[in-house]
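The values are calculated or read from the model by the stated rules, or taken from the named source; none is laboratory data. Note that the coordinates shown come from a computational prediction; the quantities given were computed from them, not determined experimentally. A quick note on method: Cβ atoms are made from the backbone with ideal geometry, for glycine too, and the neighbour counts reach across all protein chains shown. Note: areas computed on protein heavy atoms with side chains; ligands, DNA, RNA excluded. Shrake-Rupley method; radii C 1.70, N 1.55, O 1.52, S 1.80 Å.
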Amino acid sequence: MNMDENKRRRSMLLYILIAIVVYLAVSQTMYPALQNSQTKEVSYSEFLTMVDKKEVAQVQKTQGDATLYFTTGEGDGQQKYSTVIFGSGEGLTEKLEASGAQMVGKIADTSNDMWIYLLISYGLPIIVFFILGWYLNRRMKKAMGDDGPSMNFGGGFGMGGGLGKSNVKEVKGEETGVTFKDVAGQDEAKESLEEIVSFLKKPEKYNEIGARCPRGALLVGPPGTGKTLLAKAVAGEAGVPFFQIAGSEFVEMFVGRGAAKVRDLFKQAKEKAPCIIFIDEIDAVGKKRDGSINSNDEREQTLNQLLSEMDGFDNQKGIVVLAATNRPESLDQALLRPGRFDRRIPVELPDLAGREAILQIHANDVKMEPGIDLGVLARSTPGASGADLANIINEAALRAVRFGRKRVTQEDLAESVDVVIAGEKKKSTVLSQHEKEVVSYHETGHAIVAAMQKGSAPVSKITIVPRTSGALGFTMQVEEDEHFLTTREEAKNKIAVLCGGRAAEELIFGEMTTGASNDIEKATGIARAMVTQYGMSDKFGMVALGQQRNRYLGGGSELTCSEGTAQEIDAEVQALVEEGHQTALATLQKNRFKLHEIAHYLQKKETITGEEFMNILTHDDGFAPAMPAPADGQQR
Ligand code: ADP
Ligand code: MG
Ligand code: ZN
């Protein structure tokens, strides 16, 4: 804010300076009379004397003007004079003729002269003042984010909006600078929006047949999947004006202001049709009107206004209202009925191909070393949104700069995936030798359980470098290709892998640490979902026992069953996790030599790749895996 203020002040000063310089320059060149300060004024009798002495070289007289301009001498010695004729100046002509002075007559063109004079001395400052006022007005509005009261300065009177105006940003379609090309993946969403684009381009074509284009479309999906981006791309593709406003901007302190804003928004849009109105995060204003105690009068009034405006506009001209939300279930039913936001366009998390395409788009903006493999990156980031992926590329570029490199390397990218998943490496955390050992066994435990299962994603990296997120290490598994369904077996395997860390600690050290808390949370989550949502428990079968609270924001689920059942569910969940725990223990028991070997190697190297891990795991070192374990030297 402070910097802005300074900047504004500086450019204002600069502006005033330029104005003054321009003013002086123009007045100097256009009105030379102002320059002629050397013209000497003399009395008429002096003039006559000079004529008599034949000193006068040239006389200039303007018709109808009593002032004479004359010069004496020549070249460098020339002197300019002016005098006022006394009486009618009779006999002057003869006298001058006799003296040999050159006579120059001029037709009066006072009008022209006066005009320029007036323009320069009055008009110019006024114009400068007006421009300055308009300029300040604009700067001020910009600085305030098109928000707040509009300020009028000087010539800016009458410009800018008044109270109750919506602070909506109108952007020319092309100026959003985004087209469908900038949105990777999301082909279904683009296809649905394609129709809207073609309608906005040629509304007549639809009117001819009598087809009604949807008035509104609702983009729904998790945060960061490109909803806002898609809306801008529609405007860019159609090349029509684009009114963007966030739902929260409608919700005001005073009842009625929000509704006034809605009215104003639609009024502006009708003038500019065909155009797009884009209401981002519409749930702020479009929440269900449920008449609960903490209902909000202002919000409801705004919503009512929005509903009636959406009914009211005549769609011959081509106004399309787009809205985005990640909480569609909280929206008022009235908003979703045909004629309003009847089209619902899902914008889901990208799949493998989508992730790679998004990475590619953002990778085009940064300089990369040749031969970068973005596919690996895409495979190691399941569940990442477009915004996450954009962030990964940017983190990699930042890292390259930090290391003084000119181009982003594959290593930068791999490291930035870790940063986004687990946080930055934390240098200040110094683990004791024993702790490091525990973490090594813990992570190796996860990796071995994962590797020993059929169908588990291969391990791609194990590290025991502490991270700022609090993780003391992690094991990364990368799916070879994409899964859309998870079988019961796979879910159970996942639980076992998550239990592998704790199982290794128990097996080797005979103690438990807090390091497994995150694993426990995840394992329990999977088990609970298996029982309550996926119908995967033998006991309850296909009965939905919970209701998902918020699909796109990961709000967890709510139990919808009796208390007795809830107790049984807990027991069932506990049994599932315990099963996984036992599987992990058994797997590690069978492979305890490998566990020792890999854990020691990991402790030495701190980070090992999936390949190194598999090499040690598969090379035959003389022990059969199922051999009874000898006394463990490491046990404490
Ligand atoms: P949302 O509105 O869904 O929360 P945004 O549209 O604001 O998400 O997306 C945030 C950023 O993520 C975008 O500016 C863009 O850089 C990136 N992004 C998201 N999805 C995509 C995509 N499909 N293609 C390219 N970039 C994307
Ligand atoms: Mg958004
Ligand atoms: Zn763990």
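Cβ-Cβ contacts under 7 Å between residues 6 or more apart (or on different chains), taken from a first residue in region 300-328 that is closer than 12 Å to residue 216 by Cβ to a second residue that is hydroxyl-bearing (Ser, Thr, Tyr) and at pLDDT 85 or above, are listed as 324/228.
Of the residues screened, residue 262 is not one that is among the aliphatic types (A, V, I, L, M), buried (at least 23 other Cβ atoms within 10 Å of the Cβ) and within 20 Å of residue 343 (Cβ to Cβ).
Given the structure, is residue 375 away from ligand 2 (no atom under 16 Å from the Cβ) and under 30 Å from residue 475 (Cα atoms)? Full working, then the answer.
Values: away from ligand 2 (no atom under 16 Å from the Cβ): yes; under 30 Å from residue 475 (Cα atoms): yes.
When the stated conditions are applied, residue 375 passes them.
A single entry from 417, 430, 366 fulfils the requirement of being part of a helix (DSSP H, G or I) and more than 16 Å from ligand 2 (Cβ to nearest atom): 417. Filtering 420, 439, 459 for residues that are within 16 Å of ligand 1 (Cβ to nearest atom) and either over 29 Å from the mean Cα position of the chain (by Cα) or free of Cβ contacts under 8 Å to residues at least 40 places away in the same chain (or both) leaves a single hit, 420. Take residue 196 and decide whether it is over 18 Å from the mean Cα position of the chain (by Cα) and either within 16 Å of ligand 3 (Cβ to nearest atom) or closer than 30 Å to residue 352 by Cα (or both). Yes: the conditions hold for residue 196. Just one of the listed residues (445, 404) is under 19 Å from residue 503 (Cβ atoms), modelled with pLDDT of 90 or more and not hydrophobic (A, V, I, L, M, F, W, C), and it is 445. For region 502-521, check the following and say yes or no: at least one residue is open to solvent by less than 40 Å² (accessible area, probe 1.4 Å), more than 16 Å from ligand 3 (Cβ to nearest atom) and either in contact with a helix residue (DSSP H, G or I) (Cβ under 9 Å, 6 or more places away or on another chain) or small (Gly, Ala, Ser) (or both). No - not one qualifying residue is present in region 502-521. Within region 130-141, can one find any residue that is at pLDDT below 65 and within 30 Å of residue 302 (Cα to Cα)? Yes: region 130-141 contains one or more residues that are at pLDDT below 65 and within 30 Å of residue 302 (Cα to Cα).
Residue selection: residue 246 satisfies the criterion of being modelled with pLDDT under 85, open to solvent by less than 30 Å² (accessible area, probe 1.4 Å) and under 30 Å from residue 357 (Cβ atoms). Residue 345 falls short on exactly one of the conditions (1) at pLDDT 85 or above; (2) open to solvent by less than 80 Å² (accessible area, probe 1.4 Å); (3) out of contact with any strand residue (DSSP E or B) (no Cβ under 7 Å at 6 or more places or on another chain), and that condition is (3). Being aromatic (Phe, Trp, Tyr) and open to solvent by less than 70 Å² (accessible area, probe 1.4 Å) narrows it down to one residue among 534, 552; which is it? That would be 552, the only listed residue that is aromatic (Phe, Trp, Tyr) and open to solvent by less than 70 Å² (accessible area, probe 1.4 Å). When residue 447 is tested against (1) farther than 21 Å from residue 491 by Cα; (2) open to solvent by less than 10 Å² (accessible area, probe 1.4 Å), exactly one condition is not met: (1). Scanning region 368-391 for residues that are closer than 18 Å to residue 552 by Cα and open to solvent by 30 Å² or more (accessible area, probe 1.4 Å) returns 382, 383, 387, 388. Could you grab me the full set of residues in region 60-91 that are among the polar types (S, T, N, Q) and either within 18 Å of residue 45 (Cα to Cα) or open to solvent by less than 80 Å² (accessible area, probe 1.4 Å) (or both)? The answer is 60, 62, 67, 71, 72, 79, 82, 83, 88.
Any residue in region 559-566 that is open to solvent by 80 Å² or more (accessible area, probe 1.4 Å) and either more than 16 Å from ligand 2 (Cβ to nearest atom) or free of Cβ contacts under 8 Å to residues at least 60 places away in the same chain (or both)?
Going residue by residue through region 559-566, those that are open to solvent by 80 Å² or more (accessible area, probe 1.4 Å) are 563.
Narrowing the set further to residues that are either more than 16 Å from ligand 2 (Cβ to nearest atom) or free of Cβ contacts under 8 Å to residues at least 60 places away in the same chain (or both) leaves 563.
So far as region 559-566 goes, yes, one or more of its residues are open to solvent by 80 Å² or more (accessible area, probe 1.4 Å) and either more than 16 Å from ligand 2 (Cβ to nearest atom) or free of Cβ contacts under 8 Å to residues at least 60 places away in the same chain (or both).
Once region 207-228 is narrowed to residues that are open to solvent by 40 Å² or more (accessible area, probe 1.4 Å) and assigned to a helix (DSSP H, G or I), the residue that is farthest from ligand 1 (Cβ to nearest atom) is 208.
Would you check if residue 314 is more than 24 Å from residue 214 (Cα to Cα), open to solvent by 60 Å² or more (accessible area, probe 1.4 Å), modelled with pLDDT under 75 and more than 24 Å from the chain's Cα centre (by Cα)? No: the conditions fail for residue 314.
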